[in-house]
Amino acid sequence: MKKAFSFLALFLTVLLITTHGFSALAADAPDTQSAITLTEPRLGIKAKLPNEEAFKVLRLGAYEIVDGVDFEVADNLLGDFVFSLFNIMFIRNQTEVLEQLGSPAQIFLPIPEGYNAQKCAVFRITDGRAVETDFTLNGSELSFTANGSGLFAIVDTSKKPQQVLPGDVNFDGKIRSDDARLVLRAVAKLETLTPFKELAADIDKNGKVNAADARKILRIYAKLE
């Protein structure tokens, strides 16, 4: 009987140690899903980086560009739209700017005062091109991903929209059946159009994107209009 009790006590002791040991290991394991948020306090721009990237970046730097060569390039690319241009930098070792990150960062860019939040778009200005970037509207901020430092423009597409070709929804420079198909997919909620694409899709300029726009695009494509 004493041997049975001794064996049971030993078993419970080993079980207790094992359980606590595994718990300690689990608690100390790194959380690979967590992220670090850096903030540029003057402009309120934030960047959320994965843990494996955060240790490489000392701080987030950013400033608004209002003139100079970079501004002129963006102005030529974005036409007559109202925009705000920002240089966002991931900085290591005080001055070294990281052009490329190993994993994307989530950028949170405050919407400038006076901009129509529902009609904003985000572009990255790179290699002489304006590349439209997918984003999410979060209250007074636009959130998008970036693979490194760069120039980013917030564009208010409700102001002076003169550079969009009505009907050219996919921005290939032509009005074709593909554009009508995009409109119909958007009407059926199978496709989400960016603000610029909405401007191009609303070919009858009634403020709505619907099947009538797709019909008009097809008529233009067929040279009936």
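The values are calculated or read from the model by the stated rules, or taken from the named source; none is laboratory data. Bear in mind the structure is a predicted one, so any value in this text is a computation, not a measurement. Glycine also receives a Cβ, built like all others from the backbone with ideal geometry; neighbour counts cover every protein chain displayed.
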Next item on the list: Take the residues in segment 54-76 that are without any contact (Cβ under 8 Å) to a residue 40 or more places away in the chain and assigned to a loop (DSSP other than H, G, I, E, B), then tell me which one is surrounded by the most Cβ atoms within 10 Å (Cβ to Cβ).
Entry: 58
Notebook entry, point to check: For segment 199-215, what are the residues that are out of contact with any helix residue (DSSP H, G or I) (no Cβ under 8 Å at 6 or more places or on another chain) and not in a loop (DSSP other than H, G, I, E, B)?
Noted result: 199, 212
Item checked: Selection count where residues are in contact with a Gly (Cβ under 6 Å, 6 or more places away or on another chain) and not in a strand (DSSP E or B), scope segment 99-121 -> 3
Next item on the list: Select from segment 177-202 the residues that are free of Cβ contacts under 8 Å to residues at least 40 places away in the same chain, under 19 Å from residue 121 (Cα atoms) and among the β-branched types (Val, Ile, Thr) and list them in ascending order.
Entry: 183, 192
Check: What is the number of the single condition among (1) over 19 Å from residue 104 (Cβ atoms); (2) touching a residue at least 40 places away in the same chain (Cβ under 8 Å); (3) surrounded by 19 or more Cβ atoms within 10 Å (Cβ to Cβ) that residue 128 does not meet?
Finding: (3)
Notebook entry, point to check: Just to be sure, is residue 118 farther than 21 Å from residue 40 by Cα and not assigned by TED's automatic domain parsing to the domain that holds residue 184?
Noted result: yes
Notebook entry, point to check: Quick one: in segment 186-214, which of the residues that are basic (Lys, Arg) and loosely packed, with under 15 Cβ neighbours inside 10 Å is farthest from residue 156 (Cα to Cα)?
Noted result: 189
Check: Residues in segment 31-52: is at least one closer than 16 Å to residue 148 by Cα, in contact (Cβ under 8 Å) with a residue 60 or more places away in the chain and not hydrophobic (A, V, I, L, M, F, W, C)?
Finding: yes
Next item on the list: Please state which of the following conditions residue 124 fails to meet, knowing it meets all the rest: (1) in the same structural domain as residue 72 (by TED's automatic domain parsing); (2) of a type in the set (Lys, Arg); (3) part of a loop (DSSP other than H, G, I, E, B).
Entry: (3)
Margin query: For segment 173-198: of the residues being outside any helix (DSSP H, G or I) and at pLDDT below 90, which is nearest to the chain's Cα centre (by Cα)?
Written below: 194
